[in-house]
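Chemist: Dropping a structure here in structure tokens format, bear with me for questions.
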Amino acid sequence: MEDDCRPLLSSEQTGESYSHRGSTDSLDVKVKRPFYVEPRNIVDDDPQERVSAEAAILNSRVHYYSKLTGSSDRLLSPPNHVIPTPEEIYVYSPLGTAFKVTGSDPSSKNPSIITIFAIWNTMMGTSILSIPWGIKQAGFTLGILILIFTGLLMLYCCYIVLKSPKAIPCMDTSDWEFPDVCRYYFGKFGQWSSLIFSMVSLIGAMVVYWVLMSNFLYNTGQFIYNYAHNVNVSHSDFETNGTEKVICPYHNLNPGENNSINTLYLGNSGNETSDVMSFGRWWSKTNTIPLYLIILLLPLLCFRSASFFARFTFLGTISVVYLIVLVTIKAVHLGFHLEFHWFDTTQFYVPEFRLLFPQLTGVLTLAFFIHNCIITLMKSNMHQENNVRDLSVAYLLVGLTYLYVGVLIFAAFPSPPLFKDCIEPNFLDNFSSSDVMVFVARTFLLFQMITVYPLLGYLVRVQVMGQIFGNHYPSFFHVLVLNILIVAAGVLMAKFYPNIGSIIRFSGATCGLALVFVFPALVHMISLKRQGKLRWPSALFHSFLILLGMANLVAQFFM
């Protein structure tokens, strides 16, 4: 029965390699094999509809050409005007029925506005929390310039990735991803290296998620406990007064000393104070909370399918929109606090140009990173001719969002009385755990990350297990061991080095070296060279991109 349903209209591989895998869009009129069918009933809206006289004549012409030559000889293949147009193609079965061939369902395609916001939503991750810290590390003026420049570079490299499958001649690359392109140009080395660096970005994101989930769960629980027990929290002298409290969690910038500020919990009696201290021992951001998360998330990682968690991806959009609203309200209430000192550090302000700027470039490499899935996202675009425009608009929106959050938080940070250097890698840490609006933001982000974390784990499992064992779920034991290793990495970082800014910049610079700078630049140069179009300005510029990616990674170790 399976043979009965096989289309008699198929492509022929003659001298060139054509691989049409399940997509009717790949039916190229220039490579259709001559075919012959008798007029049959057409299965369409009207079961009794007959093949028209024009279709019967067309069939006779193609039958005539098929008699003139064998299918392996393309010299007398039917000319283009004889081959049916896509809307006239039917798949025929020897059982006497024919089904009209249609392209991919138009309803499954998205208009440009949906595609643009899908890219925006995908790129808007945890990096947005570290943008103000990155601008502080680079300096306000230099940080803005670097953000714009890095966004343009990342856009260009993403454009190369998007166009790379179409630059491969004589092959159907309609369902290729960038690792397939790397395999085509660099063999197994390209395939495995692109996989490894993709794993770096995914596992790095999972580690950052674990650190942030520990942070958000701690502060959420602290808010609920303090509210239920009427506990007042004081952060000593390193906070602002008034309704909009801003704190400096690590006021002493000397790494050799204890940087933690003294947090005072004021209860109504000595017993209540003792209870608060006891609660603090069991509800610790670094000692206990990372372990509590294992109970919840390790079983979720072992689910065979992640489709259930994919239903909650809308929480990401809600969280980002709420963050933008939160930042706007805080900036309005706090006002702007800016002084421009170009190279000298003052008591409350940082210079406009700082040598720590590579920390921002590392963060931005991950913040603008979407290169490993941009081809898949763009396939659903209804108007493929607008892909470059839509990609550019999406990057513009992402850049404006990062710029808006980073500039407002930096400018509104109250200096004096606090130092600009107090801006944290997670800017929410600069607000008290008793802040209601920040509590809502942390709660939103916590639930979002709890649903996204298993999705990231699923992607890691599919790529690792698929490459090693050829099966996405070889056994529960294999999956459990992999998940334990991933969770252990998150727990260790949350306990001993909960600095999401540094984790983001290292993982961003590492994966960006291969998937943003090296592979796209090499693929582009090799493609142009094979076409005889490579010129020295292009070779020089793309070689500079490779050196830039290497310098970005090396610089992270000296910051």
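The values are calculated or read from the model by the stated rules, or taken from the named source; none is laboratory data. Here the structure is a predicted model, which means the values were calculated and not measured. We place every Cβ from the backbone using ideal geometry, glycine too, and count neighbours over all the protein chains shown. Each accessible area value is taken on the protein alone, full model and side chains, heavy atoms only, with ligands, DNA and RNA left out. Shrake-Rupley method; radii C 1.70, N 1.55, O 1.52, S 1.80 Å.
Chemist: What number comes out for the charge environment of W342, summing +1 per Lys or Arg and -1 per Asp or Glu over other residues with Cβ under 14 Å away?
Modeler: Every neighbour counted, the sum reads -2.
Chemist: When ligands, DNA and RNA are left out and all protein chains stay put, how many square angstrom of accessible area per residue does the range 490-540 have with a 1.4 Å probe?
Modeler: Using a 1.4 Å probe on heavy atoms only, each residue of the range 490-540 averages 45 Å².
Chemist: May I pose another question? Could you report the accessible area of R535 in Å², rounded to 10, computed with a 1.4 Å probe on the protein chains as they sit in the structure?
Modeler: Roll a 1.4 Å probe over it and R535 shows about 140 Å².
Chemist: When the chain is fully extended, how far beyond the present Cα-Cα distance does H229 get from E385, taking 0.36 nm per residue of separation?
Modeler: The H229-E385 span can extend by a further 50.1 nm.
Chemist: Given a 1.4 Å probe and the protein chains all in place, what does the accessible area of F410 round to, in Å² to the nearest 10?
Modeler: Per-residue accessible area (F410): approximately 10 Å².
Chemist: I've got another one for you. Taking a probe of 1.4 angstrom, what is the accessible area of E244 in Å², to the nearest 10?
Modeler: Here the residue's solvent-accessible area equals roughly 30 Å².
Chemist: Counting only protein chains, not ligands or nucleic acids, how are D344, D390 ordered by accessible area (probe 1.4 Å), most first? Please list the in-between numbers first.
Modeler: Values: D344 110, D390 0 Å².
Largest to smallest exposure gives the sequence D344, D390.
Chemist: Residues in the range 474-518 near a label at S543, defined as backbone nitrogen under 17 Å from the 7 Å Cα→Cβ point?
Modeler: So the set is 518.
Chemist: When Lys and Arg each count +1 and Asp and Glu each count -1, what net charge do the other residues less than 15 Å away from A205, Cβ to Cβ, add up to?
Modeler: Summing Lys/Arg as +1 and Asp/Glu as -1 gives +2.
Chemist: Taking the Cα centre of the range 385-520 as the origin, how large is its charge dipole in debye, to the nearest 20, when only Lys and Arg (+1) and Asp and Glu (-1) carry charge on their Cβ atoms? Walk me through the numbers before you get to the answer.
Modeler: Working: 6 positive and 6 negative charges, 50 e Å.
Dipole magnitude for the range 385-520 comes out near 240 debye.
Chemist: Quick check on the range 386-528: take the gyration tensor over C-alpha atoms, sort the square-rooted eigenvalues as a ≥ b ≥ c, and tell me if it's rounded (a/c under 1.5), prolate or oblate. Don't jump to the answer; show the numbers that get you there.
Modeler: Numbers: a/c = 2.12, a/b = 1.28, b/c = 1.66.
Note, shape of the range 386-528 comes out oblate.
Chemist: Compare L428, L195, L338 by solvent-accessible area with a 1.4 Å probe and give them largest first, with all protein chains kept in place.
Modeler: Values: L428 0, L195 25, L338 65 Å².
Ranked from most to least accessible, the order is L338, L195, L428.
Chemist: Can you give me the relative contact order of the range 325-435 as a percent, contacts being Cα pairs under 8 Å and 6 or more apart?
Modeler: 41
Chemist: Would you please give the residues with an amide H less than 5 Å from that of L418, counting only those at least 5 places away or on a separate chain, with H modeled from the backbone geometry?
Modeler: Amide H neighbours of L418, under 5 Å, 5+ apart: none.
Chemist: Got a sec? What order do R505, R183 fall in by accessible area at 1.4 Å, biggest, i.e. largest, first?
Modeler: Sorted by accessible area, descending: R183, R505.
Chemist: Whose amide H sits under 5 Å from the amide H of D172, counting only residues 5 or more places off or on another chain, with H placed in the peptide plane?
Modeler: Residues meeting the criterion, in which the H sits 1.01 Å from N, are S19.
Chemist: Another question, if that's okay. Using the structure shown, select from K163/K420; K136/K188; K136/K245; K285/K330 the pairs with a Cα to Cα distance greater than 32 angstrom.
Modeler: Too far apart for the 32 Å limit: K163/K420; K136/K188.
Chemist: Then there is this: Summing +1 for each Lys or Arg and -1 for each Asp or Glu, what net charge is found among the other residues whose Cβ lies under 13 Å from the Cβ of P474?
Modeler: Net charge around P474: +2.
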